[in-house]
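The values are calculated or read from the model by the stated rules, or taken from the named source; none is laboratory data. Quantities reported herein were computed from a predicted structural model and do not represent experimental measurements. Positions of Cβ are backbone-derived with ideal geometry, glycine not excepted, and every protein chain shown enters the neighbour counts.
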Amino acid sequence: MGVSSERVDAVPKFYIRAAFEIPTRQLFVLAGSVTEGEIKAGMLVHVPINSQMVVVTRIDSIEFAHREGGEDVCLCLREGPEMKALRGIDVTDELCEVTLGDEAHGSNAI
């Protein structure tokens, strides 16, 4: 099961409203909304950490969180080496691309 916006033929994109850890579940969570395309567990999310670099990590699962004023889609990322780069960096208000496989890893990826 995946979550999608209206345009399923577009390159998937995800807007990060909030990011947080759930240590008891060993997860790093990106909460926000799908702005284009369809996103499924197993896909790779590309989180920009500055103008030159992105962290690329696999989506472990997708969950939903209720908040005041609405509901967020939560991309749950399993704890791993990539999470060290995301800790302490403000990734809120970022628009991320999401890809199908390992071809996404490039020279600017961590």
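Here are the numbers for this structure:
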| quantity | calculated |
| --- | --- |
| Residue list for the range 31-74, filter: in contact with a Lys or Arg (Cβ under 7 Å, 6 or more places away or on another chain) and among the acidic types (Asp, Glu) | Glu36, Asp60, Asp72 |
| Every residue from the range 76-92 that is loosely packed, with under 13 Cβ neighbours inside 10 Å and closer than 14 Å to Gln26 by Cα | Gly80, Pro81, Lys84, Arg87 |
| Residue identified as hydroxyl-bearing (Ser, Thr, Tyr), part of a strand (DSSP E or B), touching a residue at least 12 places away in the same chain (Cβ under 8 Å) and surrounded by fewer than 19 Cβ atoms within 10 Å (Cβ to Cβ) among Thr57, Thr35 | Thr35 |
| Residue within the range 44-53 that is over 12 Å from the mean Cα position of the chain (by Cα), in a strand (DSSP E or B) and either surrounded by 15 or more Cβ atoms within 10 Å (Cβ to Cβ) or touching a residue at least 12 places away in the same chain (Cβ under 8 Å) (or both) present | no |
| Hey, Thr99 more than 15 Å from Leu27 (Cα to Cα), of a type in the set (S, T, N, Q), exposed (fewer than 15 other Cβ atoms within 10 Å of the Cβ) and at pLDDT 90 or above or not | no |
| Those residues of the range 60-75 which are surrounded by 10 or more Cβ atoms within 10 Å (Cβ to Cβ) and among the acidic types (Asp, Glu), in sequence order | Asp60, Glu63, Glu71, Asp72 |
| Residue pairs meeting the criteria (Cβ under 7 Å; at least 6 apart or on separate chains; first part of a strand (DSSP E or B), in the range 84-98; second surrounded by 13 or more Cβ atoms within 10 Å (Cβ to Cβ) and aromatic (Phe, Trp, Tyr)) | Leu95/Tyr15; Cys96/Phe14; Val98/Phe14 |
